[in-house]
Amino acid sequence: MFLINCPYCGEREQSEFKAGGEAHIIRPKQPTELSDDQWAEYLFMRKNIKGIQFERWVHTHGCRKWFNVVRDTSNDIIKAVYKMGEKPPIK
Amino acid sequence: MTKNLRVKTSKFIDETYKISFKFNGTTYYGYKGDTLASALLANNIHLVGRSFKYHRPRGIMTAGSEEPNAIVQLHKNSSRTEPNVRATEVEIYEGLEATSQNCWPNVNFDIGGINNILSPILPAGFYYKTFMWPANFWEKYEYFIRKSAGLGKSPTMPDPDIYEHKYIHCDILVIGAGISGIMAAKTAAQNGFKTLLVDEKPYLGGSTIYQNSEHFKINNQISSSWLDKEINEIKKFENLEIKTRTSVAAFHGYNFLLARENLTDHIPLEQRNNKTRQRLLKIRAKKVITATGALERPLIFDNNDRPGILLSSAIEKYTNLFGVACGEKNVLFTNNDSAYETAISLYQKGINIEAIIDNREEIDSKLIKEIEKNNIKIYKGYTVVDTSGYKRINKISIMQLSKDGQKVIGSKTSISCDCLGISGGWTPAVHLFTQSGGKLKFRDEDQVFIPDKYPSNQISIGSCNGDFTLDEILSNITNKLKEFLNIKKTDYENLEIYSSFNKSKRNIWLLPSDKIIGKTKPFVDYQNDATAKDIKLALREGFRSIEHVKRYTTTGMGTDQGKLGNMHALGIISETAGSKMGELGTTTFRPPYTPLTFGTIVGRNVGEYFDVFRKTPIHDWHVKNKAEFENVGQWKRAWYYPKDGENMYDAVQRESKAARDSAGILDASTLGKIDIQGTDASEFLNRVYTNAWSKLAIGKCRYGLMLNEDGMVYDDGVTTRLGENHYIMTTTTGGAATVLGKLEDYLQTEWPELDVYLTSVTDHYATVSVCGPNSKKIVSQVIPDLDFSDENFPHMSFKNTKIDKIKCRVMRISFTGEHSYEINVQANYGKSVWEKCMEAGKEFNITPYGTETMHLLRAEKGFIIVGQDTDATMTPIDLQMDWIVSKKKYDFIGKRSLYRSDTIRDDRKQLVGLLTENPDEVLEEGAQIVADIKKSPVEMLGHVTSSYYSPNLKKSIALGVVRGGKNMMGQKLIIPMENKQINVIVADPVFLDKENKRLNA
């Protein structure tokens, strides 16, 4: 079970959090102007990376805040944690 | 048979404390300190069970948790009986009762033993191959296969014992209290770390603690005496917690570990009352030191499984620790120096050794010289080719090995014996290390897997790290600890170590025989009866991956998870396939290391504590009035209120009729309630609901449908505008938490610019819903100050008001189609408002109704229930609810998905009403709907989602989803049931009062 360093509360057990999938997928500002393919790209297409992955987490049983996590999916090591809207601290 | 093989007093056995126990119905005696296995051996009993497939007699093989054979059924009583308990781990107590497993009528005469004779026709994959045909015979086979599957018996009554969970946070966790673990724990504690030391055994000191030989010395003391002093010292540290009888089951990422602590398994049953039996420790350690030691390997040769064949190290442990001789005519068979340690222990206690068979030809160490000095015959360069003795070994046959070790040569010699100790070298116990995500590397020189890359802040030390000799262990440990703990000095800097052990080993995975392999039974997995022959067969049949070979042959799939034989299986596979051992990898080691009881896993979460349940403020009233309850999410909701022995059907018919004829009352407190405030609240609702919200006047209510971004209906409910920037949203009972979560997600991550605040207020309000033609009369009595005229208080509006001095919100909204009011009041006044309504409603026969009646009433009106009539594949268009989807709004969650090529298909499943030809026939929910029963295969068009007998319409009504159903109005469809077909007509889903007259009645 991970230890996750919530940017608002500090280090807590994974059981307090929920994962929310890939990060930095921005909802299109004008969905109605997109083709089926473009909309499907936003709606369904997600990466499945072995290695460094940017993902969203929410501190469900804590501050209820969403934030981003950089995790190496090959060994589950969390490389960085940063707030929504911030730029990833590593590439 | 009953002979006393207790040889000499051991300091670990209290011979003044005699304990009686029963094995297979006979009473035996042992001493305090004995395990069931040692006590049985002291009574000269080796045969304890039968193997799984061939029902071969099996005996005690090891002295620890890796035991594959000596597994027994413990206790007779139906609530405490426990199968597959390792006799080598059970500490005996007065009154213990154990029986053999997998045998009938008994372990000495077992009918299933016929399988041993039939074994030539029972190869690997026998079941897969045989029971394939004829296909329709499976039902007949299944009964017998199920009957013969599984080991032991489960308890049939609830477990009377108490279990618990405990969290532990520590700086350093040390797993294993052998010599390495003790040194690590002491060093950590000395340096101020909060340390936890755990070991699965009841004593500390591992295998060093019973080692009595002059051949292993530390600072000029016999190693066990030196270690004794260290153990006494570590007991003094306040920052060091020691837990024995504690087995680490799982080592997860981020140094999170689970361990089982046994608290009462070693004391008599009558002393266990009200005590916790086992505790699951959830350990989070900053650093972990694994010192789990090594497991001795068996040797793989024909008939290597007979009772009386033990690991050589087990014989040493029984002799030194328990003071028990495993036999009177002992033979040792080895490929390394370890067996000579055993020989010296036996010799010291005056136990007879007939001979030692050594695979190696050229051997030379001080240990061996001492044995030779004592005139014990050593057969160098020999191997055992066969054994005999059905229920106890009585003879072995040996032959000389060829130079390359591939063949046997020369003539056969027989040696009679009653005990054979085997040693194939050592396998580091890397199970926990790999569980934690660690990668192994293969060391060619002695053919072992050892830890390579650590995935977290941890190290492995001692023999689990591949350091097998005393000097290796002690000289490596100091530097490793200094680096890992970041300290300058340890107590162990300049130890003087004397060890006679020579590391040479002749590793042959499958020993050659004078017979062809097909005629031999060299067991690799003792518990599951997998032989080297089976593994070779699997390879011949084309299996290559070790994970596949494992599953096909069941090697390593017993309760012992192949702790003894897995390495040999790998070795035989790589030799046969001609690949390099290290490149094959290993099968995956999965938790738990040793089996856990369900009780330990569940802890205190049993009975009423199994899950949290939520009660409404009116719950006590429902209980008092004999409601039956239904679980909705975590809520207990009143389901129906049976009167005078009514069944559910009758109660629901009565309640439904009363609600439409006069008045009904429902506890709606469980509906999710979210308070929404902020200057952008209206804009926010516009974006999350399908319909428009900007123009909703203050004091008005509106029904809304919420979609997922994929266009599928997600939740629904009524939202009320309380003020310019203030709304209260209701959600479904089950969806409250996820709706709040989803709204927060969008607010925080997509639209952070919106000024909106969400607060869950579900528990803060109680909601009493009164419906029916007389509802107005009743509610106006409860709230006399409020003007209930349709002009002042029309349908879909709300009023702030007071009952006495208590503030409340009243909404005139309806889920039943009747004129109805929902009174929302601070939760602690809920019950009194409910009772006031009941009192005022008396003259109108106000009838409390539960969720079942609510469902029936809404179905009469064709209102959907999200999650019952929808299943995450239904758009509002599919539900024939086009009216609620705004065409004008630029965007809302899910809008774009409503005209994807898939969602605009005409032949999607759509919600329709269904009327049965026979109005008394009620459909089954979930039943399939078809049009043409003769077509092959029959095309399934959809299914029934809601179905009731309506007492108000006096006919059966149902809702269902049907492919292309919108255009099937009036068409006949068929519901095929097991014994009949039911004809239905597709109808409008609104069955009652389509003009909504009753809302204003």
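Values in this text are rule-based calculations from the coordinates and carry no lab data. Just so it is clear, the structure is predicted and the values come from calculations on it, not from any experiment. Please note: Cβ atoms are built from the backbone with ideal geometry, for glycine as well, and neighbour counts cover all protein chains shown.
For this structure, a couple of remarks:
- Computed on the Cα trace of segment B:413-489, the radius of gyration divided by the Kirkwood hydrodynamic radius gives Rg/Rh = 1.14.
- Farthest toward positive dipole pole in segment B:854-930 [+1 Lys/Arg, -1 Asp/Glu at C-beta], among B:Val866, B:Leu898, B:Leu879: B:Leu898
- Cross-link pairs beyond the 20 Å C-alpha cut-off, checked among B:Lys366/B:Lys503; B:Lys391/B:Lys521; B:Lys802/B:Lys997; B:Lys657/B:Lys955; B:Lys243/B:Lys563; B:Lys53/B:Lys550: B:Lys802/B:Lys997; B:Lys243/B:Lys563
- Selected from B:Ile289, B:Pro642, B:Thr732, residue furthest toward positive end of dipole (chain B; charges at beta carbon): B:Ile289
- Excluding exposed DSSP-loop chymotrypsin sites (Phe, Trp or Tyr not before Pro) (at most 11 other C-beta within 10 Å), longest clean stretch of chain B: B:110-609
- When you work out D = kT/(6 pi eta Rh) for the protein assembly as shown at 10 °C and 1.306 mPa s, using the Kirkwood radius from C-alpha pairs as Rh and the Stokes-Einstein form, the result is 46 µm²/s.
- Ratio of Rg to Rh over segment B:237-295 (Cα coordinates, Kirkwood Rh, two decimals): 1.04
- Sites listed here are trypsin sites (Lys or Arg not before Pro) in segment B:230-320 whose DSSP assignment is loop and whose Cβ has at most 14 other Cβ atoms within 10 Å: B:Lys235, B:Lys236, B:Lys275.
- P(r) tail for segment B:925-999: Cα pairs beyond 14 Å make up 65% of the total.
- Exceeding the 28 Å Cα-Cα cut-off - candidates B:Lys349/B:Lys373; B:Lys166/B:Lys624; B:Lys235/B:Lys287; B:Lys742/B:Lys831; B:Lys836/B:Lys954: B:Lys166/B:Lys624; B:Lys742/B:Lys831; B:Lys836/B:Lys954
- Cα shape, segment B:509-593, gyration tensor, a/c 1.5 rule: oblate
- For segment B:666-857, the equivalent ellipsoid derived from the Cα gyration tensor has semi-axes of 30, 17, 15 Å, listed largest first.
- By the rule of a C-alpha distance below 17 Å, with chain neighbours fewer than 8 residues away ignored, the lysines paired with A:Lys83 are A:Lys18, A:Lys65, A:Lys91.
- Separation of alpha-carbon centers, segment B:818-845 and segment B:553-619, rounded to whole Å: 55
- Looking at segment B:706-780, the GluC sites (Glu not before Pro) that sit in a DSSP loop and have at most 14 other Cβ atoms within 10 Å of their own Cβ are B:Glu724, B:Glu753.
- Whole-Hz ³J(HN,Hα) from phi, Karplus 6.51 cos²θ - 1.76 cosθ + 1.60, for segment B:251-268, glycine and proline x: 10, 9, x, 6, 6, 9, 10, 10, 9, 10, 9, 8, 10, 10, 5, 9, 10, x
- In sequence order, calculated HN-Hα J values of segment B:787-795 (Karplus, 6.51, -1.76, 1.60; Hz; x Gly/Pro): 7, 8, 5, 4, 5, 7, 9, x, 4
- Taking the inverse of the mean reciprocal distance over all distinct Cα pairs, the Kirkwood hydrodynamic radius of segment A:3-83 comes to 13.9 Å.
- Annotation for B:Lys166 and A:Asn75: the two label points, set 7 Å from Cα along the Cα-Cβ direction, are 3.3 nm apart.
- Derived from the Cα gyration tensor, the three semi-axes of the equivalent ellipsoid of chain B are 72, 33, 28 Å, largest first.
- Förster radius 41 Å - calculated FRET efficiency between B:Val606 and B:Ile487, Cβ distance, rounded to 0.05: 0.35
- Cα coordinate range in segment B:851-905, projected on the principal axes (Å, largest first): 39, 22, 17
- Pairwise alpha-carbon distances in segment B:814-890 exceed 22 Å for 47% of all pairs.
- Trypsin sites (Lys or Arg not before Pro) within segment B:931-995: DSSP coil, no more than 12 neighbouring Cβ in 10 Å: B:Lys934, B:Lys935, B:Lys954, B:Lys980, B:Lys994
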